[in-house]
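Take a look at the structure below.
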Amino acid sequence: MTAQEFNRRHPPGSRVRYYPDPEKAPYVEMVSERAAYTLSNGRAVIRLPGFKKPVPLAHVRGVEQEVPA
């Protein structure tokens, strides 16, 4: 997913899950504070609270909002 696609679906302020190992659980759920962006090497990343460096979007999933019935 590109940074632009991620931002359209999960703008800053959205709940996201960070997976240290994308192939396995567990995850850490948090609220994104900034938009995702693309590095000069083409890698899509996002800065998340509590991390000093940007995290690859391959390790992040948006939390879908549940729609009340």
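Bear in mind these aren't lab numbers, they're just calculated from the coordinates by the rules spelled out. The structure displayed is predicted, hence computed values, not measured ones. Every residue, glycine among them, receives a Cβ derived from its backbone with ideal geometry; neighbour counts consider all protein chains shown.
Collect residues whose amide H, placed 1.01 Å from N in the peptide plane, falls under 5 Å from the amide H of residue 34; neighbours closer than 5 in sequence don't count. Under 5 Å from the amide H of residue 34 lie the amide H atoms of 13, each far enough along the sequence or on another chain.
Each label point was placed 7 Å from the Cα along the Cα-to-Cβ direction; for residue 37 and residue 19 their separation is 2.6 nm.
Normalising the average separation of contacting C-alpha pairs (under 8 angstrom, six or more residues apart) by the number of residues puts the relative contact order of the chain at 33 percent.
Summing charges over all other residues whose Cβ lies under 15 Å from the Cβ of residue 54, with Lys and Arg as +1 and Asp and Glu as -1, gives +4.
Normalised size of the chain, defined as Cα radius of gyration per 2.2 N^0.38 Å with N residues, equals 1.08.
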